[in-house]
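For reference, the structure discussed in these notes is given below.
The numbers here are math on the coordinates, done by the rules we state, and not lab data. Every value quoted in this text rests on a predicted model; they were computed, and no experiment measured them. Here the Cβ positions follow ideal geometry from the backbone for every residue, glycine too, while neighbour counts run over all protein chains shown.
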Amino acid sequence: QVFSHHCPFLLGPIQCLSDLVTPDTDIQVTLSIFELASAAGISCEVDPALVNVLAGSKTDGSSPEEDYKVACLLLVFVAVSLPLLASDPASVYNTELDGEVLVLFCL
């Protein structure tokens, strides 16, 4: 709110950029735009910090401490997402999928 009050001429173009992102947009361009929007305080569909951590964790021979940090970040992500999904009227819980949804969600 402070940013939009003091610098509306900067926030407008950033908002326009984030609105132009479609599923067909290149992933690197999408992540760059979402990183910019996230830094400006605009909510994004994808958390660029989480993507960067997960992308960096794909290296072989990572330490157990790093694996633990990534697992904790994923748990926090799930913990933050579940209440939002539960309050969304478009969300549906399918009993046939049961716990497999969470497994697919974390992969």
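Modelled this way, with points 7 Å down the Cα-to-C-beta line, the labels at H5 and A49 are 2.3 nm from one another. Peptides 5-16, 27-38 ordered by packing proxy, namely the average of other Cβ atoms within 10 Å per residue, highest first: 27-38, 5-16. With the largest listed first and rounded to whole Å, the semi-axes of the equivalent ellipsoid of the range 1-57 from the Cα gyration tensor are 22, 14, 7.
Between C16 and A39, full extension at 0.36 nm per residue minus the direct alpha carbon distance yields a gain of 6.8 nm.
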